[in-house]
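Readers should treat all values here as calculations from the given coordinates under stated rules, not as data from a laboratory. All figures in this text were calculated on a predicted structure; none of them were measured in a lab. All Cβ positions, glycine included, derive from the backbone under ideal geometry; neighbour counts span all protein chains shown.
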Amino acid sequence: MKSFLKEVLLELCSANEDLSDLLFIVPSKRAGLFLKKELVEIYADTTLFAPIILSIEEFIIQLSGLQQIDNTQTLFEFYETYLSTHPDVEKENFETFSNWAQTLVYDFNEIDRYCIDHKSFFTYLSGIQDLNHWYLQEEKTELVKNYIRFWESLIDYYNNFKNKLLEKKIGYQGLLYRKASEDIQSYIKTEKRKHILVGFNALNNAEQIIFQSLLEADIAQVYWDADQFFFENTYHEASLFLRTYKNQWEYYKKKPLQWINNNFSSKKDITLIGVPKNIGQAKSVGQLLGKLSGSEMEKTALVLADESMLQPLLNSLPDVVKSLNITMGLPLKEVPTAAFFELLFNLHKTSTNPKGFYYKQVLEILNSLPAYRLLGLNAKKLIHTISRDNIIFITLKKLQDQTTEKEKQVLALLFEPWKDVTTALDNCREIIQLLKNSLDKEKNELELEYVYHFHLVFNKVSTLHTKYPYLSSLGSLYTLYKDILTTETLDFSGEPFSGLQLMGMLESRCLDFETVIITSVNEGTLPAGKSMNSFIPYDLKRAYNLPTYKEKDAIYTYHFYRLIQRAKKVYLLYNTEDEGFGGGEKSRFLLQLEIDKRPNHKLSKYMVSAEVPKLIKQPLQVDKNQEVLSKLKDIGAHGLSPSALTTYIRNPMDFYYKYVLGIKETEEVEETIAANTLGTVIHNTLEIFYKPIENRFLSIEDIKEMRGQIDKELNNQFKQEYTKLDITQGKNLLIFEVAKRYIYNFLKAEEALLQRGSQLKILSIESNLKTKLEIPGLDFPIYIKGKVDRIDSLDGQIRIIDYKTGKVSRNDVVIMDWDTIIEDYKYSKVIQVLAYAYMQHNENPISEGFQAGIISFKNLQEGFLKFGTKENIRGKINDEITDSVFESYLIQLHKLIIEIFDIEIPFTEKEVG
């Protein structure tokens, strides 16, 4: 394969041109680099002075005599113009201004690049806006008047802005192009070298003026990379611009348009590959590259239509890729350090609560890698403190407690409120310095590179803030920071001509490869579609021949087809998954390739999908061994609680995690009071109320006294559980009121009993019970233990009572079949209340029959829910606890415990409904 650049050089050699005296102008610096490579290969045995090779941007800067400024500086310069133009009109701050001014600067750029008569253009534009609002009402409102006035002022903004920049000899890209086109005749008078214009396609009006002037003056020669097939098919967008130049340029009315080759129709193997998702594409590319030899790899280009694919692709490259040249940079906004500063800005932008920072934002920062670099293990200690103390809003002072002076300084940089922009910038720059000092040069080379680039970003922001003092808020600083961050990249260094070439679509201009792999060939990416970031209506653009989405699509079409013109093997990958509008729609280019298929083209299509193994749902299972059995024996000797037994019934794996492995739930901050904490608070409050009257009869006076203490005692209990939680507002206040209502209703029910003449004696409150079980077949001690909420005597009838803050109904404590209590978790309450009853009876035998049951605070109207048995659904409930009840219960309890301790029975996961 002979590349386009080589063809150009060979043509010049055959015409006996002295290459040293030529001035080459190419679309990009990269094209210039490859031009030099071709030059070296052709003249490998000859010594010559290299010609001057300039990219079009470099040539325009040289021609215009202006220094190009970036978008951010352009925005600040425009803001100064905005403030000084029509000073009698109320002005917006920089943050609000930047929201619309960037679009306007883009439009100024287009107007200048296409050398539009700005006077008539802005007159038309303001007239259109006026027409759009004439029908609103006969008498225009002040808002509409201001709106129209703004559009009428655009010409003044443009003129003043342009003159201001020209005075400073600086300019945005469009202004440089306009100035260059205006100065081209002066340049021609002094410049006699021959200009070789190589590989251009879509020229703006300024470029067309410059190129035509050079050609008319006979000091230029132009080499288009056009193809006969596209040029002759007038429907084809790939040659839209070249056909226009041939028909409209005066130069081509006298001379033919040369350099129309016939490469597209040559022999090609084209493969269209549909792959789900971006990661799927990356993996597929890795497989394609894995099949290439070393020599083939040297002639291969991997082109990313969507440049966000860079990272997944780098992680998917096979080992056969020994060398790689990446011409695009890794966007700085995608590195981990960017996420850290994003969190930091969000924290300080939204910190309006005088109580402190919201804990979730603080935890996100403390959990980040940079915070670990700065604070070490103290970051984890602070996270633990916040969770343990349940702190919702955190102050700097609280964070600095129990830390060293060095850590206090770091915390101040992170969490001291940024009172102004200067403080924010100083803190960020100091954080970067500390991060740099915390990194090892050998172990953290890549991270140091990240930090260095952020150092450059904040230096740039700081310089702009010093030069243009318009950043009045953290919001405006953040906007500026984000704008700069989106343009910054981490550039890769490497040998430019060896190995696989990985590039974006625009970097492929003028370059040719035998094997081409293009990813993300989807609508909305290639071509980009109809998104237009402009204030200029479509009709006005058409009237002034400004580019619309049609022309932009034609640019993509040319680049796409030019890239595969000389290639022998082409792999085109597209995403098959629907990810929003057009996400899963393959590009029209792929359909067009099928329509444009030439006789020498071999076109194949296939879809790629990951092999999905058939998933058979297997419950998680853990076999028991001697070590597990030893742990179970320790638990048995210490005492199995009713809740441990019911946990096993519910799901043996939960029992294994909690009691055998000892895995605790993650300690987290509770913004609202948890259900289990509500239960604890109610239990503790009732214990405080009833403990002083153990072993005596309850009186109405006791209840009245308790009722008067509800608020105070609940407050005390909530403070013990949540030292920092605010229960005076929001959901927590509602939960506090629920707790109060539960206790009030419970005391009211107790009072009703006494008023009916019942006698209620409190025998025991929150008493700890423990008893040994004699289990046949187990030669080691097994105990059950627990804390019974209350034992009382109602009119001589002893009751074992368990409190539940959740809803329990009578059916939950009445059984017909004893076997069900260890099989169905529904009867967990039966396991619990009978365990308390048995332990109490075993420790302090009760001569007469007694009752055991539950008081449900969500079901107080049913009163004391007694455990009972019955023969059938319609049978009478027997609620007396007797020896025969204990015998039946112990049979089931023994079966359950034997299963837990049987080494042959693994812990097997149950599906929990």
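Numbers for the structure displayed
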| read-out | value |
| --- | --- |
| Selection of GluC sites (Glu not before Pro), the stretch 431-491, meeting DSSP coil and at most 13 other Cβ within 10 Å | E442 |
| Summed residue charge, Cβ within 15 Å of I60's Cβ, Lys/Arg positive, Asp/Glu negative | -2 |
| Karplus-derived 3J(HN,Hα), 6.51/-1.76/1.60, for each residue of the stretch 433-450, Hz, glycine and proline x | 4, 5, 4, 4, 5, 7, 9, 7, 5, 8, 7, 10, 4, 5, 5, 4, 5, 4 |
| Length-normalised contact order for the stretch 333-490 - Cα pairs under 8 Å, 6+ apart - percent | 23 percent |
| Sequence-separation-based contact order of the chain, relative, with Cα cut under 8 Å and 6+ spacing, percent | 13 percent |
| Spatially near lysine pairs across the stretch 535-614, Cα under 14 Å, sequence gap of 8 or more or different chains | 7 |
| Relative exposure of S438, S284, judged by other C-beta atoms within 10 Å (fewest first) | S438, S284 |
| Set of aspartates and glutamates near K189 by C-alpha distance (under 15 Å), chain-local residues within fewer than 8 positions excluded | E216, D218 |
| Sparse-neighbourhood loop sites, trypsin sites (Lys or Arg not before Pro) in the stretch 268-297 - DSSP loop, at most 16 other Cβ within 10 angstrom | K291 |
| Cα radius of gyration and Dmax for the stretch 508-565 (Å) | 14.2, 43 |
| Label assignment, mean projected area of the Cα convex hull in nm² derived from the structure, set [x] 39.5; [y] 48.4; [z] 56.2 | [z] |
| Cleavage-rule hits, trypsin sites (Lys or Arg not before Pro), the stretch 365-441, DSSP coil, Cβ neighbours within 10 Å at most 16 | K419, K441 |
| ³J(HN,Hα) computed for each position of the stretch 197-212 - Karplus, 6.51 cos²θ - 1.76 cosθ + 1.60, integer Hz, glycine/proline x | 9, 10, x, 8, 9, 8, 9, 6, 4, 4, 5, 5, 4, 5, 5, 5 |
| Cα-based shape type of the stretch 382-469, given that a ≥ b ≥ c are square roots of the gyration tensor eigenvalues and the cut on a/c is 1.5 | oblate |
| Tensor-based shape of the stretch 333-490 (alpha-carbon gyration tensor, a/c under 1.5 rounded, otherwise prolate or oblate) | oblate |
